[in-house]
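One structure is given below, encoded as structure tokens.
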Amino acid sequence: MQLRLNSIKRLGTIATALGPERTRSELLPFLNENIDDEDEVLLALAEQLGNFIDSVGGPKYAFCLLDLLETLAAVEETVVREKAVESLNKIVDVMAEAGQTDDVLKYFVPLVKRLAKGDWFTSRISATGLFHSAYRHIPRNNQTLKDELRNLFKELAQDETPMVRRALASKLSKFASVVEVKYVEDELIPIFVRLAGDEQDSVRLLAVENCAVLAKLSPVKSEVREEYLIPIARELAADKSWRVRFMFADKICELAEGLGFDATVKELAPSFYKLMEDCEAEVRTAAAFKIASFFETISRLDENMTDSSSVVSEVFEKLYSYSRDLSLDDSPFVRSALASNIMSVAPIVGPEITRDTLLRMFLKLLQDDFSEVRLNIIGSLEKVSQVIGIEKLASDLLPSIVELSEDRNWRIRYAAIELTPTLARQLGKSYFESDKKLGMLCVQWLSDTVYSVRELAIKNLTSLTELFGEEWAIEHVLPAIVALYKNSKNYLYRMTALHAMSSLSSKVPQEVVEQLFLPLLVEQACRDSVANIRFVAAKTLQDVAQYIKKETRSNLIIPCLEKLNNNMDEDSDVRYYANQALIALQSLV
Amino acid sequence: MGISDLDAWIEKLKDSVLPSEDEIKVLCGKVREILVEEGNVQVVYAPVVVVGDVHGQFYDLLELFKVGGEPPWTNYIFLGDFVDRGYNSVETLLLLLALKVRFPDRVALIRGNHESRQVTQVYGFYEECVRKFGSATVWRLCAEIFDCMSLSAVVEQRVFCVHGGLSPGIESLEDIEAIDRKQEVPHEGPMCDLLWSDPEEVEGWTLSPRGAGYLFGEEAVQHFLHVNHLNFIARAHQLVMEGYKQMFQGRVVTVWSAPNYCYRCGNVASIMELDENLERNFKVFEAAPESSRPEKGRVKAPDYFL
């Protein structure tokens, strides 16, 4: 099979060798006869044929390819059919662009008709994907043919096989975009209405998206919107199948865009509130994810309106009160979804409301039992602080940050530490002295069990040193780093101390590096029993060397590195890093 | 292929960018050179982190490195089953091979029962290679590498590391050294047992319900440790919901390193740090969060599961 697959993938090369004429008279018939192959081969064939027009002699001969693709469009395997439909659409576009309209009418339209009337439902499914390109290329004066195609489309909408109706529902909006407005209103809207009431929920749920798209087709009369689309939206929001309601919640913004400000406020918003207290957690989750973007959409649509600000703030109050219930929801996924986006409304509602209402929810969610909720809400700190400024938050946040930095989940500890420099800018140096809780924590984080947290702890101390100055570092940080090296039986923490030295050496005075770090590096780390420590020490020496006097470099560092390098160390990585460091040091001289 | 090329590959692989087929050929050549020199019982020094099954869960492997640290800063011994079942066996194996070539003394790779032609054709690695490279060439290259992988390791002469477990045909470490390992995993015999056996509360030896290898009890473990002057056995091969499990008063440890195995088991994973004094320190971790997994290459559930 591999062999056949490869040869199909090289079909283009084969055709070039044969030339257009023999491709048409020999290769295509051959392929036509050998259609009983594995799906994987057929898939490759369906794809190749879409790019085959030049090989058969250009658009003039493109119709030759249709037969084979028609067969592929009727096979059982979905992916093969979908690829065939894609290629057919591609080919007909090229034909029409090249002015071969007659061929389109003579070959392509009948093909669509045949597939649409096929006995087996697979071909009828494929037909649904071809209507829009067929219809688009029929000349305006050929109304009879256009009528015929629309009628066929209508027939398929009543097909007995749910899969066909489903396929048709998914293609409805595409078809609507090429059909004349008059017929959209007279014929397609009724089809939409029927599909929206289909017995299968898998069909109904596609109506949600169709509703949004149809409403957006600008020429559609507002009566149509009022009479059909809005009532159907209302029904879909209250559908008995949770999957349909889920889809409604998920597509709420598209629906709002389509139906406009008034309908959104009057119809969609109340439906949305209901979904926020739906009996299915999945539906509430979907709604919770959309609260902020739904509100954003409403405020945006409102921009063209006058005297509606009170309406918008009323919507906000409602959304907020339902959100408050969601923040106490039994399902952690609902709360997590809420936490992921609710704070995005802060910039819209402004500082006053943010301070009075949102902030309370923010602090509440920070205390949630479920770690993902805490993580999500921490992530939105910036949005809130943009609106009301961090100074308002710092004192409220401090206890939470302290608590989160000791969380069981390392990603939460990480998120909390990441916020520390921002917090430090507001709180000031006094909170970060080594006898204060935060100051102690900053050093403790270096001993975290997780590597990434330790690395972040180093970065944090470096940022704080930049902020509070070298005096602060010398007093509160550096002794702790030296102690960390000396007291750690586990090599991972000795390594953290070395990495911290590399990172901090650029921020503290030269004497400190020489007096505090250097002896430790040269006398202890380079002689450590663990090879990893020895090569990290070599790398650290390379990093700190530029902050050290030239004579100290040549008296102390270079001999030490040479000792490690000249095959004195049994470990090849130690020799490698020592050698790298020596090369780097030479360029310093 | 120099060190800077390798460093570049490793960085790219971490972004799940695959090397070309030709580059993989070169890489496999290098790995081969290193692996064939290794004994059937590889000598490893502490400190080292012991890792269990990974099974193509590439983003969880990256998560593992975030927790344990990356080579060369941390030393690792991987107990096999790098491939199959997960969506990214290719990325997983290639990253480990590249790290092995770049830091041969910092990374040890031991063969698992999934590092075999037969098993990978059933459980996904073969298909993934064909899908990602359009042919089976890469799979064939990797399968040759599997044949070169060592069967076990001993840390500081005290901790025996193996994918599955013991074999009634193996009394001492010398018996393992005597195996001709450069072949497809056989259906029976000592080499098969090392990769397939499981510890169990049984007397002596029982045939394994897996259809290959044995179930071995405490007595067999004590005997093996005594004869070879070992402290304990570290192995993988069995899903443990808590990430690790100690048996027989800590004489056998199972380490499992694929969190939420097959993306649905709901288990946590772990790695075991052996420090300079061979103290065990387990680090438990969860699956990488959704946000760190790109959608590409993942199979979407059909929408009737919506």
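The values are calculated or read from the model by the stated rules, or taken from the named source; none is laboratory data. As the structure is a computational prediction, the values presented were derived from the model and not from experiment. Neighbour counts run over all protein chains shown; Cβ positions are idealised from the backbone, glycine included. Side chains are part of the model used for accessible areas, which takes the heavy atoms of the whole protein and leaves out ligands, DNA and RNA. Shrake-Rupley method; radii C 1.70, N 1.55, O 1.52, S 1.80 Å.
Mind listing whichever residues of segment B:261-289 are within 14 Å of chain A (Cβ to nearest Cβ) and part of a loop (DSSP other than H, G, I, E, B)? Matches in segment B:261-289: B:268, B:275, B:276, B:277, B:278, B:279, B:286, B:287, B:288, B:289.
Every condition in (1) among the aliphatic types (A, V, I, L, M); (2) more than 21 Å from the chain's Cα centre (by Cα); (3) modelled with pLDDT of 95 or more holds for residue B:301 except the one numbered (3). Among the residues of segment A:459-489, those identified as open to solvent by 10 Å² or more (accessible area, probe 1.4 Å) and aliphatic (A, V, I, L, M) are A:467, A:474, A:480, A:482, A:483, A:484.
Quickly run through segment B:114-137 and pick out the residues that are open to solvent by 10 Å² or more (accessible area, probe 1.4 Å), of a type in the set (S, T, N, Q) and assigned to a loop (DSSP other than H, G, I, E, B). Answer for segment B:114-137, where residues must be open to solvent by 10 Å² or more (accessible area, probe 1.4 Å), of a type in the set (S, T, N, Q) and assigned to a loop (DSSP other than H, G, I, E, B): just B:135. Determine, yes or no, whether residue A:171 is open to solvent by 20 Å² or more (accessible area, probe 1.4 Å), touching a Ser or Thr at 6+ places or on another chain (Cβ under 7 Å), closer than 25 Å to residue A:125 by Cα and more than 14 Å from chain B (Cβ to nearest Cβ). For residue A:171, the condition - open to solvent by 20 Å² or more (accessible area, probe 1.4 Å), touching a Ser or Thr at 6+ places or on another chain (Cβ under 7 Å), closer than 25 Å to residue A:125 by Cα and more than 14 Å from chain B (Cβ to nearest Cβ) - is met. Only one of the numbered conditions (1) under 30 Å from residue A:447 (Cβ atoms); (2) assigned to a helix (DSSP H, G or I); (3) open to solvent by 10 Å² or more (accessible area, probe 1.4 Å); (4) at pLDDT 85 or above is violated by residue A:403, and that is (4).
Please verify whether segment A:494-503 includes one or more residues that are at positive phi and within 43 Å of the chain's Cα centre (by Cα). No: zero hits. Screening segment A:243-265 for residues that are among the charged types (D, E, K, R) and without any contact (Cβ under 8 Å) to a residue 40 or more places away in the chain and picking the one that is farthest from the other protein chains (Cβ to nearest Cβ) gives A:262. Looking at this structure, is residue A:393 part of a helix (DSSP H, G or I), within 30 Å of the chain's Cα centre (by Cα) and not basic (Lys, Arg)? So residue A:393 fits the description; yes. As for segment A:283-294, it holds no residue that is over 22 Å from the mean Cα position of the chain (by Cα) and either within 27 Å of residue A:224 (Cβ to Cβ) or surrounded by fewer than 21 Cβ atoms within 10 Å (Cβ to Cβ) (or both).
Where strands (runs of 3 or more DSSP E) sit wholly within segment B:170-250, those with at least 3 residues that are without any contact (Cβ under 8 Å) to a residue 60 or more places away in the chain and over 17 Å from residue B:42 (Cα atoms) occupy B:205-207, B:214-216, B:244-247. Per this entry, residue A:316 is counted among residues that are open to solvent by less than 50 Å² (accessible area, probe 1.4 Å) and more than 25 Å from the chain's Cα centre (by Cα). Would you be able to say whether some residue in segment B:152-165 is touching a helix residue (DSSP H, G or I) at 6+ places or on another chain (Cβ under 7 Å) and without any contact (Cβ under 8 Å) to a residue 60 or more places away in the chain? No, there is no match, as no residue in segment B:152-165 is touching a helix residue (DSSP H, G or I) at 6+ places or on another chain (Cβ under 7 Å) and without any contact (Cβ under 8 Å) to a residue 60 or more places away in the chain. For segment A:409-467, the set of residues classified as within 14 Å of chain B (Cβ to nearest Cβ), assigned to a helix (DSSP H, G or I) and of a type in the set (Ser, Thr, Tyr) consists of A:414, A:447, A:451, A:452, listed by residue number.
Somewhere in segment A:355-364, is a residue open to solvent by less than 20 Å² (accessible area, probe 1.4 Å), farther than 22 Å from residue A:309 by Cβ, modelled with pLDDT of 85 or more and within 14 Å of chain B (Cβ to nearest Cβ)? Checking segment A:355-364: not a single residue is open to solvent by less than 20 Å² (accessible area, probe 1.4 Å), farther than 22 Å from residue A:309 by Cβ, modelled with pLDDT of 85 or more and within 14 Å of chain B (Cβ to nearest Cβ).
Taking the criterion of being part of a helix (DSSP H, G or I), within 24 Å of residue B:49 (Cβ to Cβ) and among the polar types (S, T, N, Q), the residues of segment A:523-561 that qualify are A:524, A:532, A:540.
Scanning segment A:547-589 for residues being open to solvent by less than 70 Å² (accessible area, probe 1.4 Å), in contact (Cβ under 8 Å) with a residue 12 or more places away in the chain, within 14 Å of another protein chain (Cβ to nearest Cβ) and closer than 21 Å to residue A:499 by Cα gives a total of 7. Of the residues examined, residue B:203 is not one that is open to solvent by 50 Å² or more (accessible area, probe 1.4 Å) and modelled with pLDDT of 95 or more.
So is residue A:534 in contact with a Cys (Cβ under 8 Å, 6 or more places away or on another chain) and open to solvent by less than 40 Å² (accessible area, probe 1.4 Å) or not? Against the criterion (in contact with a Cys (Cβ under 8 Å, 6 or more places away or on another chain) and open to solvent by less than 40 Å² (accessible area, probe 1.4 Å)), residue A:534 qualifies. Residues that are within 13 Å of chain B (Cβ to nearest Cβ) and of a type in the set (S, T, N, Q) do occur in segment A:531-546, at least one of them.
Only residues that are closer than 16 Å to residue A:547 by Cβ, touching a residue at least 24 places away in the same chain (Cβ under 8 Å) and of a type in the set (S, T, N, Q) were counted in segment A:462-516, giving 7. Just one of the listed residues (A:228, A:183) is surrounded by fewer than 16 Cβ atoms within 10 Å (Cβ to Cβ), aromatic (Phe, Trp, Tyr) and either in contact (Cβ under 8 Å) with a residue 60 or more places away in the chain or closer than 28 Å to residue A:134 by Cα (or both), namely A:183.
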